[in-house]
1. List the pairs from LYS92/LYS213; LYS46/LYS221; LYS53/LYS125; LYS57/LYS221; LYS46/LYS213 whose alpha-carbon separation is above 24 Å, in the order I gave them.
2. Rounded, prolate or oblate for segment 95-167? Axes are the square roots of the Cα gyration tensor eigenvalues, ordered a ≥ b ≥ c, and the cut-off for rounded is a/c under 1.5.
3. For LYS213, LYS27, LYS125, LYS221, what's the largest-to-smallest order of accessible area, 1.4 Å probe?
4. Output wanted: per-residue J couplings in Hz (rounded whole) for segment 213-224, from phi through Karplus 6.51 cos²θ - 1.76 cosθ + 1.60, θ = phi - 60°, x for Gly and Pro.
5. Which order do the peptides 45-52, 158-165 come out in when sorted by mean C-beta neighbours inside 10 angstrom, highest first?
Amino acid sequence: MKQKRLITQLGYIILLAILAGCATTAKDPQDPLEGWNRGVQTFNDKLDDYLMKPVAKGYQWVMPSFADQGVSNFFSNINDIGVTVNDLLQFKILQTGMDGSRFIVNTVAGVAGFVDVATMIDLPKHHEDFDQTIGVWGISTGPYLVLPFFGPSSPRGVVGLAGDAAMNPISYILASGVVTGLFGLNAIDLRADNLANERIATEAAVDRYAFFKSAYFQQRKYLIYDGNLPEGEDLLEIDEEFNKDNLAPVRPY
């Protein structure tokens, strides 16, 4: 029921975006909903300035570094379940075995994932999600779409979010308060980890909106092609490790 409700809500968001976009004239063919998108980005920026960023800074100040890393490792370990499923759906058989092993090792030897033992034994973290999977299947990303609370996305990205939620075991916990608390903690932890990256990306942008839009499409393409972009296509002039490992500036919040 929770998954159906999530998909329905995301569907309403897309419908509202389409209706809002019909009333505007966009210059960028990849961004026909620019009027809606800029408005939502402004909303997200204000929400981030007045709520998420202060909370993230407080969380970072209160949490000892080892505890902060442990929380990040815990949610990363849960994410490896979806990563493994998406590996398989993309027919990456070797990587499926590696990421499945990574989850087992960290869950057992890493105390439910709080310690990243897998990386210590050369089982690196991979980034695979359902948006990438259906992109590999040949589904185009569609127009740019900024979602309330979630930020840069697309119609394919919305389907990806629903698919990732279905692969996350937290979604199936019956106690709604626990689910809300865990997802909230994950959001705060991610925002705290991304404070420095967001500042660098914002300072590098002449037009913040255009920068994040371009970064979103380039990052999605980078991940779908596993970094082996078609000849003649390059990433933004930002350090590759900044793009690849931190998934920024695609996630500014």
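1. Numbers: LYS92/LYS213 29 Å; LYS46/LYS221 29 Å; LYS53/LYS125 26 Å; LYS57/LYS221 31 Å; LYS46/LYS213 18 Å.
As for pairs spanning more than 24 Å Cα to Cα, those are LYS92/LYS213; LYS46/LYS221; LYS53/LYS125; LYS57/LYS221.
2. On the way: a/c = 3.14, a/b = 2.14, b/c = 1.47.
Judged from the Cα gyration tensor, segment 95-167 comes out prolate (a/c at least 1.5, a/b above b/c).
3. Numbers: LYS213 25, LYS27 195, LYS125 55, LYS221 80 Å².
Sorted by accessible area, descending: LYS27, LYS221, LYS125, LYS213.
4. Karplus values, whole Hz, x for Gly and Pro: 5, 4, 5, 4, 5, 5, 5, 4, 5, 4, 6, 5.
5. Values: 45-52: 13.6, 158-165: 19.8.
By packing density, highest mean first, the sequence is 158-165, 45-52.
The values are calculated or read from the model by the stated rules, or taken from the named source; none is laboratory data. Since we're looking at a predicted model, the values are computed, not measured. Here the Cβ is made from the backbone with ideal geometry for all residues, glycine too, and neighbour counts use every protein chain on show. Each accessible area value is taken on the protein alone, full model and side chains, heavy atoms only, with ligands, DNA and RNA left out. Shrake-Rupley method; radii C 1.70, N 1.55, O 1.52, S 1.80 Å.
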